[in-house]
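As structure tokens, the structure follows; a few thoughts come after it.
The values are calculated or read from the model by the stated rules, or taken from the named source; none is laboratory data. Nothing here was measured: the structure is a model prediction, and the numbers come from that model. All Cβ positions, even for glycine, are placed from backbone atoms using ideal geometry, and neighbour counts span all protein chains on display. These area figures cover heavy atoms from the full protein model, side chains too; ligands, DNA and RNA do not enter into them. Shrake-Rupley method; radii C 1.70, N 1.55, O 1.52, S 1.80 Å.
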Amino acid sequence: MNKLGAVILCGGESRRMGQPKAWLPIGSERMLQRVVRLVGSVSGMGPIAVVAAPGQELPPLPDRVAIVRDPVSGRGPLQGLSAGLAALPAEAEFVYASATDVPFLVPGWIERLSELIGDHDLAIPHADGYHHPLAALYRREPVLSAIG
């Protein structure tokens, strides 16, 4: 297993939902809490950063989770990914990126990407004609450099 970290983006406007996705109830927890729990359950998972919009309120999260703020509101997921990657320590060589709205995430998915990435800088799913960058595993340093 590679040295893993995670970035979970939750700063979107959630216009279609009518309320912030992070706060949507899923059973006894809020959606963001569930995704953090699922990601954190991956064997060997290291630091986790949640990237939120400036001033965005979040449900309670474990102390081990770093809260990072987008420097500017409304600039999209690339800015959030950059902020999250930059906030993680260098020992997180590989970083799983996720959106908040994946309450049925299977932790084994992250483990499988970790097995597949090899010497590559990115393991990204491609389905139905689209790449899915918020269900992908990134090699932190080269990807952070490329975003910059």
* Asked: Mind checking the angle between helix 77-87 and the chain's longest principal axis? C-alpha axes, 0 to 90 degrees, to the nearest 10.
  -> 70
* Rounded, prolate or oblate: which fits the chain, taking a ≥ b ≥ c as square roots of the Cα gyration tensor eigenvalues, rounded meaning a/c under 1.5, else prolate when a/b beats b/c? -> rounded
* To do: Calculate for the chain the 222 nm mean residue ellipticity that helices alone would give, adding -39,500 (n - 2.57) per DSSP H run of length 4 or more and normalising by residue count, nearest 500 deg cm²/dmol.
  => -7500 deg cm²/dmol
* Using the heavy atoms of the protein chains and a 1.4 angstrom probe, tell me the accessible area per residue for the chain in square angstrom. => 53
* Structure fact -> The correct ranking of Ser82, Ser145, Ser114 by accessible area at 1.4 Å, largest first, is Ser145, Ser82, Ser114
* Sparse-neighbour loop sites [chymotrypsin sites (Phe, Trp or Tyr not before Pro); the stretch 74-136; at most 16 other C-beta within 10 Å; DSSP] -> Phe104
* At Ser145 and Ala127, where each label point lies 7 Å from the Cα along Cα→Cβ, what is the point-to-point distance in nanometres? -> 3.2
* Nearest 5 is fine: what % of DSSP beta bridges in the chain come out antiparallel, could you say? => 40
